[in-house]
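**Student:** My questions will all concern the structure given below.
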Amino acid sequence: MESGPFRACAGADGRPSGVLPMKNRFTVSRTGETGILCCGFRDQKGNSSLVCEQSMAPFESLVRPSSEGDAEAMDRFAVMIQGSAGCGPHSQPRITLLGKTYSRHSEVSTYRIETSSGLKYVVAKRICDPNPRTPQSFHTEYSALEKIRQLAGASLVDSFPDPLFVSQEQIVLSMVPGAPLDKKLKQTANALTGWFSIKRMRNTGRQIAEWLGRFHELTRCEDIGHEHGKYAAQLESLIAKCETLGVAGPGLRRVGDATLQLSRALASYSMPAAANHGDFIPQNILFHNGKLGVIDFASYSQRASVYQDIAHFVGYLVLLGGKPTYCKKPLDVLASTFLASYPLSLNERLLRPYLIRAVLRLICDGKPASNYLRRVQNRNVSGWLLRLADVHERLPFSI
C-alpha cells in the first residue's frame, strides 16, 4: 500500500481497471510484485488520457499528496483520471523523467509521457524553499491559465501551458516547447555577430508584440488612471533595495526625484488596462520552429496597466544592451520594432516611469545580472535612468 491522493485498481492481467478519487490516499493493487500506477493529464485540446507506469517513483514525483489536503484540487485531477479510464484495455503509456532544474523557490521536473496517440510532455513544479508566497503563486498561475484558456482564441492556442493540477506543494502543467529568448539573444545579439541579426530582430519584435497585444486585447478591462501615490511608494522601495545591493550609489536618489516629478505630472492620465503577465521577460518567452510560447504566469494579475508588461520586456533589453558582450544595435531594433508593432496606441510620457520602475525591479531581482551592474556599470546606471526620466531626452528606441 502507498499513500497519496487517489486509489487505482488493477485487473487480473495487471492492467488498470478503474480509478476512484480519494481525498488523501493512493492505493495500488498489485499483481505479484508489480504495482500498476495510474495518473491522468489533459492535452491542450482538453482531451484526458490515462498514464500508467510500472514504478511508483515517477508518479510520486509528478503528483505528490498535499499535506494541506487540498481536496478540491485533488478531486478535479481525479475526475480527469476517472474520465480517461476508458482509453482502451491495451493502452499502457509510460512516464519518463527527463530532467530537473531549480529556481529560487521550486524544483521543476520535466516528464515525457508515451501514449498510443504519441508523445506528450508535462512539467511539475514543486516547492523546495519554504517561502510563504510560493504556494499562493502556484494557485495564482493555475487560476490564470484556466481563465486564459477560456478566453484564448485561435491566435493564442498552444502558446501557453495547460493547467493540469495544483496543490499547496506543487503545480503540474503541460509543457510549452521551445528555447528561451534570452538564450537565443546570446547567439544572435552578441557583440561579435549581432550586426548580422537586424532583420531577425525585427521579425522577433513583431511576433512578440503580436502575442502580447492579442493577450491584452482578449483580457481588456476598463481604462485606469495613473496612481502617483502607489507608484511613489513602489519606487521608493525599489530604490532602497538597490542601495542595499550597492547598485548606482547616491545618484539613484536624483533618479528618484526626477522620476517622481514625472509621475506626479501624469496623475491625470488614463491608460489602457488588461490582464498582466507579471514577468514578461525573455526567459519566459519561448521559440520553437518559428512559433512563440509564453510561460510562468505566477505573477499574473487580472487588471493592470498594459505598460507594465511592455516596460518589463523593454527594460530587460535596456539592461542587456549595457553589457559589453552584447551588441546594442540589434537590441534597440528589437525594442523599437516591438513597441511600433504593439497594436494599442502608446504614450511615451507614460512609458518612461514604467520603464524606470521595471529596470529597477529587474536589477533587484537579479535579471539579467545585478552583480554585473555592481561591478561594471555602477556609475552609468543612474546616468541613463536620469535620461529616461527627462522628457526632453530621446529614448534609446522609438515608439
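**Student:** Criterion first (charged (D, E, K, R), surrounded by 14 or more Cβ atoms within 10 Å (Cβ to Cβ) and either more than 17 Å from the chain's Cα centre (by Cα) or closer than 19 Å to residue 275 by Cα (or both)) does residue 210 satisfy it?
**Tutor:** yes
**Student:** Here's another thing I want to ask about it. In region 298-334, which residue that is of a type in the set (Gly, Ala, Ser) and part of a helix (DSSP H, G or I) is nearest to residue 353 (Cα to Cα)?
**Tutor:** Here the answer is 311.
**Student:** On to the next question. Within region 242-260, track down each residue that is touching a residue at least 12 places away in the same chain (Cβ under 8 Å) and either more than 18 Å from residue 383 (Cα to Cα) or part of a helix (DSSP H, G or I) (or both).
**Tutor:** 242, 251, 252, 253, 254, 255, 256, 258, 259, 260
**Student:** Which condition from (1) surrounded by 18 or more Cβ atoms within 10 Å (Cβ to Cβ); (2) not in a helix (DSSP H, G or I) is the one that residue 184 breaks?
**Tutor:** Evaluating residue 184 over (1) surrounded by 18 or more Cβ atoms within 10 Å (Cβ to Cβ); (2) not in a helix (DSSP H, G or I) leaves (2) as the failure.
**Student:** Looking only at region 97-120, which residues are part of a strand (DSSP E or B) and modelled with pLDDT under 80?
**Tutor:** Those that are part of a strand (DSSP E or B) and modelled with pLDDT under 80: 114, 115, 118.
**Student:** While we're looking at this one, here's another question. With (1) surrounded by fewer than 22 Cβ atoms within 10 Å (Cβ to Cβ); (2) in contact with a Lys or Arg (Cβ under 7 Å, 6 or more places away or on another chain) as the list, and residue 288 as the residue in question, which single condition is left unmet?
**Tutor:** Single failed check for residue 288: (2).
**Student:** While we're here: Need at least 2 residues that are at pLDDT below 75 per element, so show me which helices (runs of 4 or more DSSP H) inside region 342-399 make the cut, counting only ones lying wholly within it.
**Tutor:** The helices (runs of 4 or more DSSP H) meeting that bar are 370-376, 378-389.
**Student:** Among 157, 176, which is closer than 21 Å to residue 300 by Cα and buried (at least 20 other Cβ atoms within 10 Å of the Cβ)?
**Tutor:** 176
**Student:** Now for a different question. Test residue 273 against the stated conditions and say whether it is assigned to a strand (DSSP E or B) and assigned by TED's automatic domain parsing to the domain that holds residue 187.
**Tutor:** It is true that residue 273 is assigned to a strand (DSSP E or B) and assigned by TED's automatic domain parsing to the domain that holds residue 187.
**Student:** Residue check: is residue 215 closer than 30 Å to residue 326 by Cα, in contact with a helix residue (DSSP H, G or I) (Cβ under 9 Å, 6 or more places away or on another chain) and in a helix (DSSP H, G or I)?
**Tutor:** The answer is yes for residue 215.
**Student:** Being within 15 Å of the chain's Cα centre (by Cα), aromatic (Phe, Trp, Tyr) and under 20 Å from residue 339 (Cα atoms) is the requirement here; does residue 138 meet it?
**Tutor:** no
**Student:** Residue 167 is checked against (1) farther than 30 Å from residue 127 by Cβ; (2) crowded, with 16+ Cβ neighbours inside 10 Å; (3) not aliphatic (A, V, I, L, M) and fails just one. What number does that condition carry?
**Tutor:** (1)
The values are calculated or read from the model by the stated rules, or taken from the named source; none is laboratory data. Being a predicted model, the structure only gives us computed values, none of them experimental. We place every Cβ from the backbone using ideal geometry, glycine too, and count neighbours over all the protein chains shown.
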